[in-house]
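Below is one structure, written out as structure tokens, with a few remarks after it.
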Amino acid sequence: MSLSSVCRRAAAVTAGAVALTIGLALPALAHVSINPGTAEQGGFTKVAFRVPNERDNASTEKVEVEFPTDHPLPFVSVKPVPGWDVKVVTGKLPKPVTTEYGEITEAVTKVTWSGGKIGPSQFQEFEVSMGMLPKDTDQLAFPTTQTYTGGEVVKWADAPKADGSEADHPVPVLKLTPAAGGAGPYGRHARCLRV
């Protein structure tokens with residue numbers, strides 16, 4: 001077998017392996033997710049809710065993200081997305097939460113983006129700055145509802161399955177890790193950033 005034949009065969013095997021890997025990864029990539037998926041406890045973070053359009057015959061026209069009320073985030077701001085309207089809903093918490101900055105009785109409970117379009121084979125990122133992140137939990141869940149132009153509604157709110165495998169519509173989760181240096185990215189001035 002010539003050297004060029006060996007190279008062609010190796011390239012074909014590599015391409016096949018890459019295609020197989022991409023094919024296996026696609027279902028996970030198609031879910032609504034948070035990017036980056038981790039942040040430090042006690043600080044502020046900026047994340048993007050990444051929303052792919054999973055339909056060939058409809059566009060995504062509305063995205064609703066529910067914020068945790070058991071670990072409320074008192075400081076939340078959103079980055080404008082051209083072509084989309086955003087509504088930030090603040091509500092009373094089921095019960096007050098005591099933090100190092102005092103008692104929190106209301107916080108952002110939902111953010112809704114509407115009026116835009118995410119077409120087939122497209123995705124959109126919706127950026128949010130938030131904090132102070134709690135120190136007494138290792139993750140925050142953000143149940144998300146995706147509405148399509150045909151009227152279909154998909155709820156991304158399923159917890160992981162008992163066997164540890166991924167659910168059909170997994171809830172977007174932000175994993176929280178212990179702070180490396182203590183004060184978080186905005187340091188002592190975080191109190192001044194109330195929205």
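The values are calculated or read from the model by the stated rules, or taken from the named source; none is laboratory data. In this text the structure is predicted, and so the values were computed from the model without any measurement. Areas reflect the complete protein model, heavy atoms only, side chains present, ligands, DNA and RNA absent. Shrake-Rupley method; radii C 1.70, N 1.55, O 1.52, S 1.80 Å.
List of remarks:
- In the context of the full set of protein chains, region 16-157 has a per residue accessible area of 51 Å² (1.4 Å probe).
- Straight Cα distances below 20 angstrom link residue 135 to the lysines 46, 95, 175, with same-chain residues fewer than 8 positions distant left out.
- Stretch gain in nm, segment residue 167-residue 114, where the contour uses 0.36 nm per residue and the Cα spacing is subtracted: 16.5 nm
- Region 120-175 versus region 43-92: alpha-carbon centroid distance in Å: 10
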